[in-house]
1. Test of understanding: among 159, 143, which residue is farther than 30 Å from residue 56 by Cβ and touching a Phe, Trp or Tyr at 6+ places or on another chain (Cβ under 9 Å)?
2. May I ask you to list pairs of residues, at least six apart or on different chains, whose Cβ atoms are under 9 Å apart, with the first in the range 163-178 being farther than 20 Å from residue 78 by Cβ and the second being not in a helix (DSSP H, G or I)?
3. When the range 112-147 is examined, which residues are found to be surrounded by fewer than 23 Cβ atoms within 10 Å (Cβ to Cβ), in a helix (DSSP H, G or I) and hydroxyl-bearing (Ser, Thr, Tyr)?
4. Looking at the structure I just gave you, is residue 14 under 13 Å from residue 175 (Cα atoms), at pLDDT 95 or above and either among the hydrophobic types (A, V, I, L, M, F, W, C) or surrounded by 15 or more Cβ atoms within 10 Å (Cβ to Cβ) (or both)?
5. Quick one: what pairs do we get from the range 22-34, first residue over 17 Å from residue 124 (Cβ atoms), second assigned to a loop (DSSP other than H, G, I, E, B) and among the aliphatic types (A, V, I, L, M), C-beta under 9 Å, 6+ apart or different chains?
6. Scanning for something outside any loop (DSSP other than H, G, I, E, B), at pLDDT below 85 and not small (Gly, Ala, Ser), does the range 56-75 turn up at least one residue?
Amino acid sequence: MLEVELTYYLLAIILVLGCAMAWAMNFVMLPGNWFIVGLASLFVLWVSEGTDGGMNWDTVGILVVLAIVGEVVEFMAGAAGAAKKGGARRSVFLALVGAFGGSIFGALAGVPIPVIGPLVGALAGAGFGAYFGAYLGETWKGRSSEVSMEVGKGAMIGRVLGTVGKLAVGTVMIGVVAVHGFT
């Protein structure tokens, strides 16, 4: 019986570590919170189902709701940043494209600094990419440089705040997995 418990807890540790790796994917605009839901689902399906343990389908349901909240927060903050400053739909779209490319470039640029470098680089890159994408969209539309800079600034702030909000939700999700995985 002790061997079964040790195996369960070892797999729970691997689950939490996998969720932490999935969480980090949010920095480069990948659906890390949804990977957390997927990992938890696999854990319940293959490991926890039929046990008296804490990880169950109710926990997965809670994670789904949290992942949806994270997506809504990220989308609303990102889109509202440029739109609040009067940005056109083209600017909002280009801000999204710029944020994606910037996050990948920033993550790669941050590699020389272990662990934290790629994460901070991805967040900063996403912000600057959103800025330049929105700026390009406004300039393309024929708006003045001052207006384009204001829309770009709004897109950058919105993207960074949206990503931070999604990361905060992801942190709560990892907490839920950890608590339910070890009870």
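1. 159
2. Correct list of pairs: 177/55.
3. 139, 145
4. no
5. So the pair list comes out as 22/30.
6. yes
The values are calculated or read from the model by the stated rules, or taken from the named source; none is laboratory data. Model, not experiment: these values are computed from the prediction. Every residue, glycine among them, receives a Cβ derived from its backbone with ideal geometry; neighbour counts consider all protein chains shown.
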